[in-house]
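Everything on this sheet refers to the single structure shown next.
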Amino acid sequence: MPRWSGAGILAALALVVLLAVPGEADVRAPKGGTLTTGSAPSKALGEDIAFNLYLPYGYDTGHERHPVLYLLHGRGDTMQAWTRVKDTLDQMIRTRRIPPVIAVMPDAPWSERGSWYVDSQYTGSDLPGRPVETALARDLVAYVDATYRTAPIREARLVGGYSMGGAGALRLALAHQDVFGSAMVLSPAVYTPLPPSDSSARDYGAFGRGGEKFADEVYQGLNYPALLPKLDPDRPVRLFVAVGDDEYANPAAADAHHDLDFESAALYNAARRSPAVSAQLRVLDGGHDWTVWSPAFEQAMAELGPALSVTPPAGLPGPLLGTAAADWAGGVAAHADGTVTTGFAAGGPVAGQPYGGRLDAVITSTGARSWTRQLGTAADERLYGVAALPDGGVLAAGYTKGDLDGRHPGNAADDAFVARLGADGTVRWITQFGDPAVADRLYGLTAAPDGGAYVAGYTKGALDGPNSGDKDALLARLTADGRLSWVHQYGGAGEDKAYGVAADVSGVYVTGSTTAALPGTSALGGLDGWIAGYAPDGARRWATSAGGPGDDRLNAVAVTTAGLAVATGASGGDLVAIAYTGTGRQRWTAAVATPAADEGAAVAPLPGGEVEVVGHTRGRVGVMAGGADVLTVRLDGRGQRKAAAQFGTARDDAVDPFSEPNLYAAATPSGKVAVSGLTYGAPADGAAPGNGDVFVAVVEPSTGLPAS
């Protein structure tokens with residue numbers, strides 16, 4: 001043993017002091033949660049349910065509410081089994097990978113620990129059946145909500161388990177959608193259509209009836225194939241399935257499909273086809289033990305944990321616009337008197353208006369003035385923009401495959417059209433134009449200062465000289481009386497489209513996408529976004545590409561009160577907003593990035609140079625509602641985020657079936673933002689016509705959520 005001199009001791013003490021200096025190194029033990037025990041009375045069982053309880057660090061001194069995990073052990077195990085995940089929870093909470101959660105780990109001694117977490121109908125004296133499912137899903141959950149600082153909503157609850165507990169977690173999540181919003185299913189002991197002959201699922205009476213310990217029809221009635229078709233898509237279940245690659249292999253070849261890796265894959269593939277379930281599957285290295293369940297728990301929490309919320313999601317306001325057929329959003333405009341005009345494409349008659357056939361263009365106003373006008377032919381009409389005019393009227397633009405203006409008999413290709421309606425909905429004029437032999441479509445519209453219009457889209461034809469490639473972007477100017485003043489094509493060797501257009505007295509800005517470099521720009525890789533600046537007479541002043549090596553696009557643009565052109569779209573799967581000066585110099589860029597898809601679809605200018613960027617997300621920015629949610633982001637005049645939120649239904653909102661945005665926004669005179677888009681869900685306070693409908697919401701910029 002070494003001998004220490006006095007100088008050596010002092011040096012060692014000095015080293016300890018240095019190591020303890022804050023900011024240099026911290027040798028203190030990290031702060032963690034606490035484990036304790038408890039019991040909940042159960043009316044269903046007539047006895048208490050014992051459980052271990054994990055409370056996050058700071059629970060005793062805090063006041064906030066917490067999401068809850070319910071963790072079910074396997075057959076023959078006890079409530080002690082799940083206590084091993086404490087360190088994982090501590091670390092994930094400390095590093096903010098998940099919110100601070102409470103974990104409840106109930107003991108399940110019934111049927112001599114083979115209850116499978118169902119309500120057993122077996123009456124044999126050896127293993128009398130007990131209502132375990134009811135006891136846990138109702139009695140235990142009610143007790144926990146009454147005793148601890150939880151939130152009594154399904155979005156705040158996750159049920160998980162391994163082996164028999166995995167089967168139980170799946171059963172509870174699918175049979176009790178009103179209680180649980182997420183499920184973690186690890187190496188689940190689920191078998192379809194029936195367990196193999198040597199499975200212990202047959203031995204404990206869980207799936208029995210009367211004196212029969214196992215009944216085929218009881219098992220099948222409780223299993224997931226019977227539950228999936230009955231699920232409510234408006235109560236989505238987030239499901240995470242994990243299994244080991246070395247799980248027990250059934251020796252009989254006929255039972256190979258009952259190996260748990262086979263069964264887990266079958267479960268995943270069945271669940272992912274349900275409109276009520278979003279499912280993930282992981283296959284890990286290991287067998288039927290904690291070499292799989294420990295890392296699987298961490299992965300499951302990383303996937304499901306961030307979506308746990310003690311606040312319910314913000315829904316869509318009703319009523320929805322549309323018909324029982326397929327409908328599509330087509331624009332929104334806000335007027336000085338508070339009227340909001342919405343455009344959409346309808347698959348049937350609306351408000352008693354004549355129906356042309358297939359899809360018709362519908363423009364409807366609500367508020368100080370209320371009217372509806374339906375424009376259609378026997379072919380398709382789609383709207384892609386509505387713009388307010390100073391006299392209370394509106395412009396609407398899109399494309400038609402018919403003779404919408406009465407001057408194109410026999411038309412069979414897509415033609416661009418622009419319509420002007422008066423403040424009372426009277427049609428003032430319709431202008432239809434395009435190459436008669438090929439497709440021409442408009443995707444962007446803005447009012448010109450003189451009451452005319454600038455429109456943007458694409459043509460496959462030659463409207464302004466020869467076509468440069470597959471499609472050329474186009475920009476056109478119409479006068480206040482509907483005359484086509486000029487059309488300019490802009491294209492390269494690839495497919496070029498314009499999606500957004502904005503204008504002020506000094507110029508016009510157009511955004512879009514290209515598969516190859518446009519003249520005056522550089523190819524960045526994949527699909528590129530682009531923006532170009534034009535003079536009021538249509539002369540192109542500048543153009544630039546936007547994005548990176550992946551697929552990018554700019555969907556919309558607006559001019560702020562400070563004179564910047566702010567464009568939005570997607571870059572590398574993230575929402576992007578970019579501000580340009582009138583000379584094309586990039587002033588700032590902002591992004592919203594989640595692990596899922598995010599994309600900007602519209603920009604609404606706000607006072608002081610701020611903007612509200614509206615798009616969609618499949619990730620978590622605020623409180624997740626369902627599939628794709630409406631995403632709102634408020635940016636100041638320097639591109640700094642001031643607020644962000646998401647809202648929607650349990651199904652897809654703001655996107656079409658191809659996951660492309662179908663969403664519009666316009667600033668109101670009161671400083672709020674009118675938002676309209678496609679939804680496949682239902683509003684919180686009403687029904688949906690079905691097959692895709694159109695919502696209208698007025699958003700508060702301070703919160704990014706619909707005004708109450």
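The values are calculated or read from the model by the stated rules, or taken from the named source; none is laboratory data. Keep in mind that this is a model prediction, so the values were computed, not measured. Every residue, glycine among them, receives a Cβ derived from its backbone with ideal geometry; neighbour counts consider all protein chains shown. Calculation scope for accessible area: heavy atoms of the full protein, side chains included, ligands and nucleic acids excluded. Shrake-Rupley method; radii C 1.70, N 1.55, O 1.52, S 1.80 Å.
Looking at this structure, is D139 part of a helix (DSSP H, G or I), touching a residue at least 40 places away in the same chain (Cβ under 8 Å), in contact with a Pro (Cβ under 8 Å, 6 or more places away or on another chain) and open to solvent by less than 20 Å² (accessible area, probe 1.4 Å)? Spell out how you get there, then give the answer.
On the way: part of a helix (DSSP H, G or I): yes; touching a residue at least 40 places away in the same chain (Cβ under 8 Å): yes; in contact with a Pro (Cβ under 8 Å, 6 or more places away or on another chain): yes; open to solvent by less than 20 Å² (accessible area, probe 1.4 Å): no.
So D139 fails the test.
Which residue out of R620, R641 is within 26 Å of D232 (Cα to Cα) and either at pLDDT 95 or above or open to solvent by 20 Å² or more (accessible area, probe 1.4 Å) (or both)?
Values: R641 fails: within 26 Å of D232 (Cα to Cα).
Of the residues listed, the single one that is within 26 Å of D232 (Cα to Cα) and either at pLDDT 95 or above or open to solvent by 20 Å² or more (accessible area, probe 1.4 Å) (or both) is R620.
Could you tell me which numbered condition S309 fails, if it satisfies all but one of (1) touching a residue at least 60 places away in the same chain (Cβ under 8 Å); (2) part of a helix (DSSP H, G or I)?
Answer for S309: the failing condition is (2).
Among the residues of region 85-107, are any over 28 Å from R620 (Cα atoms), open to solvent by less than 20 Å² (accessible area, probe 1.4 Å), in a loop (DSSP other than H, G, I, E, B) and not β-branched (V, I, T)? First the steps, then the outcome.
Quick first cut of region 85-107, residues over 28 Å from R620 (Cα atoms) only: 106-107.
Restricting the remaining residues to those that are open to solvent by less than 20 Å² (accessible area, probe 1.4 Å) gives 106.
Okay, now just the ones that are also in a loop (DSSP other than H, G, I, E, B), so none.
So far as region 85-107 goes, no, none of its residues is over 28 Å from R620 (Cα atoms), open to solvent by less than 20 Å² (accessible area, probe 1.4 Å), in a loop (DSSP other than H, G, I, E, B) and not β-branched (V, I, T).
For region 567-591, how many residues are surrounded by fewer than 23 Cβ atoms within 10 Å (Cβ to Cβ) and more than 13 Å from T511 (Cα to Cα)?
Residues that pass the stated criteria total 13.
Among the residues of region 451-507, write down those that are among the hydroxyl-bearing types (S, T, Y), in contact with a Gly (Cβ under 7 Å, 6 or more places away or on another chain) and open to solvent by 10 Å² or more (accessible area, probe 1.4 Å).
Matches in region 451-507: S468, T479, Y499, S506.
Across region 142-159, which residue is surrounded by the fewest Cβ atoms within 10 Å (Cβ to Cβ) among those that are of a type in the set (A, V, I, L, M) and assigned to a helix (DSSP H, G or I)? Before the answer, list the steps.
Applying the first criterion (of a type in the set (A, V, I, L, M)) to region 142-159 yields 142, 144, 146, 151, 153, 156, 158-159.
Now drop any that are not assigned to a helix (DSSP H, G or I), which leaves 142, 144, 146, 156.
Values: A142: 16, V144: 21, A146: 10, A156: 24.
Checking each candidate, the answer is A146.
Of all the residues that make up region 537-566, how many are open to solvent by 30 Å² or more (accessible area, probe 1.4 Å) and aliphatic (A, V, I, L, M)?
Final tally of qualifying residues: 2.
List the residue pairs whose Cβ atoms are under 7 Å apart, where the first residue sits in region 319-340 and is on the phi > 0 side of the Ramachandran plot, the second is in a loop (DSSP other than H, G, I, E, B) and open to solvent by 10 Å² or more (accessible area, probe 1.4 Å), and the two are 6 or more positions apart or on different chains.
Qualifying pairs under 7 Å: G322/P689; G338/G367; G338/A368.
Considering only region 382-396, I want to know if a residue exists there that is part of a strand (DSSP E or B), over 21 Å from G482 (Cβ atoms) and touching a residue at least 24 places away in the same chain (Cβ under 8 Å).
First pass over region 382-396, keeping only residues part of a strand (DSSP E or B): 382-388, 394-396.
Still in the list and also over 21 Å from G482 (Cβ atoms): none.
Looking through region 382-396, none of the residues is part of a strand (DSSP E or B), over 21 Å from G482 (Cβ atoms) and touching a residue at least 24 places away in the same chain (Cβ under 8 Å).
Within region 423-458, take every residue that is outside any strand (DSSP E or B) and of a type in the set (A, V, I, L, M) and give me the one that is nearest to the chain's Cα centre (by Cα). Quick ask: steps written out before the conclusion?
Keep residues of region 423-458 that are outside any strand (DSSP E or B), which gives 423-426, 434-439, 448-452.
Among the residues that remain, those that are also of a type in the set (A, V, I, L, M) are: 423, 437-439, 448.
On the way: A423: 36, A437: 39, V438: 36, A439: 32, A448: 35 Å.
Per the stated criteria, the residue is A439.
Looking only at region 281-297, count how many residues are open to solvent by less than 40 Å² (accessible area, probe 1.4 Å) and outside any helix (DSSP H, G or I).
Counting residues in region 281-297 that are open to solvent by less than 40 Å² (accessible area, probe 1.4 Å) and outside any helix (DSSP H, G or I) gives 3.
Among Y162, Y117, Y122, which is the only one that is of a type in the set (S, T, Y) and open to solvent by 10 Å² or more (accessible area, probe 1.4 Å)? Spell out the reasoning first.
Working: Y162 fails: open to solvent by 10 Å² or more (accessible area, probe 1.4 Å); Y117 fails: open to solvent by 10 Å² or more (accessible area, probe 1.4 Å).
Step by step, each of Y162, Y117, Y122 is checked, and only Y122 is of a type in the set (S, T, Y) and open to solvent by 10 Å² or more (accessible area, probe 1.4 Å).
Mind listing whichever residues of region 39-49 are more than 14 Å from P131 (Cα to Cα) and either open to solvent by 70 Å² or more (accessible area, probe 1.4 Å) or touching a residue at least 24 places away in the same chain (Cβ under 8 Å) (or both)? Break it down into steps so the answer makes sense when it comes.
Filtering region 39-49 down to residues more than 14 Å from P131 (Cα to Cα) leaves 39-40.
Selection gives A40 alone.
Can you name every residue in region 469-489 that is free of Cβ contacts under 8 Å to residues at least 60 places away in the same chain, within 15 Å of D537 (Cα to Cα) and assigned to a strand (DSSP E or B)?
If the condition is that a residue be free of Cβ contacts under 8 Å to residues at least 60 places away in the same chain, within 15 Å of D537 (Cα to Cα) and assigned to a strand (DSSP E or B), then L474, L484, S485, W486, V487, H488, Q489 are the ones that fit.
Has region 74-82 got at least one residue that is under 26 Å from V190 (Cβ atoms), at pLDDT 95 or above, touching a Pro at 6+ places or on another chain (Cβ under 9 Å) and open to solvent by 40 Å² or more (accessible area, probe 1.4 Å)?
yes
Residues are listed down the side, and each one gets a yes or a no for (1) at pLDDT 95 or above; (2) among the aliphatic types (A, V, I, L, M); (3) not in a loop (DSSP other than H, G, I, E, B):
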{"residue": "Q299", "(1), (2), (3)": "yes, no, yes"}
{"residue": "L304", "(1), (2), (3)": "yes, yes, yes"}
{"residue": "A324", "(1), (2), (3)": "yes, yes, no"}
{"residue": "R358", "(1), (2), (3)": "yes, no, no"}
{"residue": "A378", "(1), (2), (3)": "yes, yes, no"}
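How many residues are touching a Pro at 6+ places or on another chain (Cβ under 8 Å), under 20 Å from R369 (Cα atoms), among the hydrophobic types (A, V, I, L, M, F, W, C) and surrounded by 18 or more Cβ atoms within 10 Å (Cβ to Cβ) if we restrict to region 308-341?
Result for region 308-341: 2.
Of everything in region 201-231, what is touching a residue at least 40 places away in the same chain (Cβ under 8 Å), assigned to a helix (DSSP H, G or I) and among the aromatic types (F, W, Y)? Give them in sequence order.
Result: Y224, single match.
Which residue is surrounded by the most Cβ atoms within 10 Å (Cβ to Cβ), if the candidates are limited to region 218-233 and must be within 20 Å of S111 (Cα to Cα) and not aromatic (F, W, Y)? Please lay out each step first, then the result.
Initial filter on region 218-233 (within 20 Å of S111 (Cα to Cα)): 218-223.
In the following step, the residues that additionally are not aromatic (F, W, Y) were identified as 218, 220-223.
On the way: V218: 18, Q220: 14, G221: 12, L222: 19, N223: 23.
The selected residue is N223.
It is to be established whether one or more residues within region 170-181 are without any contact (Cβ under 8 Å) to a residue 40 or more places away in the chain, open to solvent by 10 Å² or more (accessible area, probe 1.4 Å) and more than 24 Å from the chain's Cα centre (by Cα).
So far as region 170-181 goes, no, none of its residues is without any contact (Cβ under 8 Å) to a residue 40 or more places away in the chain, open to solvent by 10 Å² or more (accessible area, probe 1.4 Å) and more than 24 Å from the chain's Cα centre (by Cα).
Out of the residues in region 595-617 that are surrounded by fewer than 24 Cβ atoms within 10 Å (Cβ to Cβ) and modelled with pLDDT of 95 or more, state the one that is farthest from T446 (Cα to Cα).
Step one: filter region 595-617 for residues surrounded by fewer than 24 Cβ atoms within 10 Å (Cβ to Cβ), giving 595-597, 605-610.
Those still in the list that are modelled with pLDDT of 95 or more too: 597, 605-610.
On the way: A597: 28, P605: 13, L606: 17, P607: 19, G608: 21, G609: 19, E610: 19 Å.
Restricting to residues being surrounded by fewer than 24 Cβ atoms within 10 Å (Cβ to Cβ) and modelled with pLDDT of 95 or more, the top hit is A597.
Counting only residues that are in a loop (DSSP other than H, G, I, E, B) and of a type in the set (V, I, T), which one in region 13-71 is modelled with the highest pLDDT? Before the answer, list the steps.
So in region 13-71, the residues in a loop (DSSP other than H, G, I, E, B) come out as 20-33, 43-46, 56-58, 62-65, 67.
Pick out the ones that are also of a type in the set (V, I, T) and you get 21, 27.
Working: V21: 34, V27: 45.
So, considering only residues that are in a loop (DSSP other than H, G, I, E, B) and of a type in the set (V, I, T), the one modelled with the highest pLDDT is V27.
Exactly one of (1) in a loop (DSSP other than H, G, I, E, B); (2) farther than 21 Å from D415 by Cβ; (3) open to solvent by 10 Å² or more (accessible area, probe 1.4 Å) is unmet by L518. Its number?
Evaluating L518 over (1) in a loop (DSSP other than H, G, I, E, B); (2) farther than 21 Å from D415 by Cβ; (3) open to solvent by 10 Å² or more (accessible area, probe 1.4 Å) leaves (3) as the failure.
Which of the following residues is under 28 Å from A503 (Cα atoms), more than 35 Å from the chain's Cα centre (by Cα) and among the acidic types (D, E): D415, D403, D391?
Values: D415 fails: more than 35 Å from the chain's Cα centre (by Cα); D403 fails: under 28 Å from A503 (Cα atoms).
After ruling out the rest, the residue left standing is D391.
D234 versus (1) among the acidic types (D, E); (2) in contact with a Lys or Arg (Cβ under 9 Å, 6 or more places away or on another chain); (3) in a helix (DSSP H, G or I): which is the lone unmet condition?
D234 satisfies all of (1) among the acidic types (D, E); (2) in contact with a Lys or Arg (Cβ under 9 Å, 6 or more places away or on another chain); (3) in a helix (DSSP H, G or I) except (3).
Find the strands (runs of 3 or more DSSP E) located wholly in region 600-677 whose residues include 1 or more that are closer than 30 Å to R157 by Cα and over 10 Å from the mean Cα position of the chain (by Cα), and list them. It would help to see each step written out before you state the result.
Numbers: elements: 611-617, 629-635, 641-647, 663-667.
Where strands (runs of 3 or more DSSP E) fall fully within region 600-677 and carry at least 1 residues being closer than 30 Å to R157 by Cα and over 10 Å from the mean Cα position of the chain (by Cα), they are 611-617, 629-635, 641-647.
Any residue at all in region 414-422 that is open to solvent by 20 Å² or more (accessible area, probe 1.4 Å) and outside any strand (DSSP E or B)? Working first, answer last.
Of all residues in region 414-422, those open to solvent by 20 Å² or more (accessible area, probe 1.4 Å) come to 420.
Filter again for outside any strand (DSSP E or B), leaving none.
The answer is no; no qualifying residue exists.
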